[in-house]
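The values are calculated or read from the model by the stated rules, or taken from the named source; none is laboratory data. No experiment lies behind these values; they were computed from the predicted model shown. Heads up, the Cβs are rebuilt from the backbone with ideal geometry, glycines too, and the neighbour counts pull from every protein chain shown.
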Amino acid sequence: MKSKFPVYAMFLIISACLLCSFNLSFAQKKTPDEPLTIAIEGGKLPPVAFSHKTHTEKSKIDCAVCHHKDKNPKEPQGCLKCHPAKDTEDNAPMAKMAFHKMCIACHKESSAKNVPAPIKCNECHRK
């Protein structure tokens, strides 16, 4: 009679690999669907299509640059959590001011280095 040890060993190895890959998929940082639409209620200009992938992978910007107050970097909060459209807490700038200060400053800095980045209103706020 043949030993069943190789079959059991293979089963255990495959099970261990599947378990590890399953756990690693949950350990990765969560990102929303691409592109993310940033819209501020009552805004005069169209919403902005924002790509986390472009900013984190292509431009190599660390998540903590924008998500600077998140307690858990693997589960970042949306911008409006800390920067609502109206009535902010803890002296946090309102959403429009926070976005414009962060985004425009970074885009202008990139453009100054000859790295293409939108700097005019209608380059981000597209109809």
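Just one of the listed residues (C106, C82, C63) is among the hydrophobic types (A, V, I, L, M, F, W, C) and under 21 Å from C121 (Cβ atoms), namely C106.
Of all residues in the stretch 75-127, those being within 18 Å of E41 (Cα to Cα), within 20 Å of the chain's Cα centre (by Cα) and assigned to a helix (DSSP H, G or I) number 11.
Which count do you get for residues in the stretch 31-71 that are in contact (Cβ under 8 Å) with a residue 60 or more places away in the chain and farther than 25 Å from D87 by Cβ?
Residues in the stretch 31-71 being in contact (Cβ under 8 Å) with a residue 60 or more places away in the chain and farther than 25 Å from D87 by Cβ: 1 in total.
The residues in the stretch 54-65 that are surrounded by fewer than 15 Cβ atoms within 10 Å (Cβ to Cβ), out of contact with any Ser or Thr (no Cβ under 9 Å at 6 or more places or on another chain) and part of a helix (DSSP H, G or I) can be counted, and the count is 4.
A quick yes/no check of all residues on (1) of a type in the set (V, I, T); (2) surrounded by fewer than 16 Cβ atoms within 10 Å (Cβ to Cβ); (3) at pLDDT 90 or above:
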{"position": "H67", "(1), (2), (3)": "no, no, no"}
{"position": "D90", "(1), (2), (3)": "no, yes, no"}
{"position": "A95", "(1), (2), (3)": "no, no, no"}
{"position": "C124", "(1), (2), (3)": "no, no, yes"}
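Cβ-Cβ contacts under 7 Å between residues 6 or more apart (or on different chains), taken from a first residue in the stretch 72-94 that is β-branched (V, I, T) to a second residue that is in a loop (DSSP other than H, G, I, E, B), are listed as T88/M94.
Scoring T37 on the criteria (1) exposed (fewer than 12 other Cβ atoms within 10 Å of the Cβ); (2) at pLDDT 85 or above; (3) among the polar types (S, T, N, Q); (4) out of contact with any strand residue (DSSP E or B) (no Cβ under 7 Å at 6 or more places or on another chain) leaves a single failure, condition (4).
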